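Colleague: Following this message is one structure expressed as structure tokens.
None of the figures in this text is laboratory data; all of them are computed from the coordinates on show. Being a predicted model, the structure only gives us computed values, none of them experimental. Please note: Cβ atoms are built from the backbone with ideal geometry, for glycine as well, and neighbour counts cover all protein chains shown.
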Amino acid sequence: MQYEQILELVREVSKAGLSNFEYTEGDVKIAMSCPETLEHDTEVIKIKPETVVKEEPVAEKTGDVVTSPLVGTFYQAPSEDAEAFVKIGDKVKKGQVLGIVEAMKLMNEIESEYEGTITEILVENEQPVEYGQPLFRIGA
């Protein structure tokens, strides 16, 4: 189940005034309970088997991930009017600058630890980043 589906399920269970509810799908089990009885108009929710959508497994993304070595603000370019250090599809070499993380007014260059092609840029320009947060995915 996706996050939005879980939220909708919680809303519908709350509307129905149920005190306990359990749902199992594969390895996922959701159990909800309400400690106090709420006064609601009870509405029966029926789910027909044909309305349940089976999600296809998502293929795992491959490649090496470059993470942030510190907490700060990520920048894709050396200045506002400059071109980004890298774009998706660019070939990079080990040691090449991929971006900058500003921490305590110091600009820290983020260098590639891998050689390959940028397949994903996982953060937006000027986005706050945490230590260890994935920034780039580099494929062969």
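Colleague: Starting from the Cα-Cα distance between E115 and Y23, subtract it from 0.36 nm times their residue separation and give me the gain in nm to one decimal.
Modeller: Roughly 28.6 nm would be gained on extension.
Colleague: For a label point 7 Å from the Cα of K91 along Cα→C-beta, name the residues of region 119-140 whose backbone N is under 19 Å from it.
Modeller: Hits in region 119-140 for K91 at 19 Å: 119-120, 137-140.
Colleague: Right, next: Would you mind getting me the FRET efficiency between K105 and E83? Use the beta-carbon distance for r and R0 = 25 Å, nearest 0.05.
Modeller: About 0.60, to the nearest 0.05.
Colleague: Shape of region 77-140 from its Cα gyration tensor (a ≥ b ≥ c, root eigenvalues): rounded if a/c is under 1.5, otherwise prolate when a/b > b/c, or oblate?
Modeller: In terms of gyration-tensor shape, prolate.
Colleague: By the scheme Lys and Arg +1, Asp and Glu -1, what is the net charge of all other residues having a beta-carbon under 14 Å from that of F136?
Modeller: Computed value for this residue: -2.
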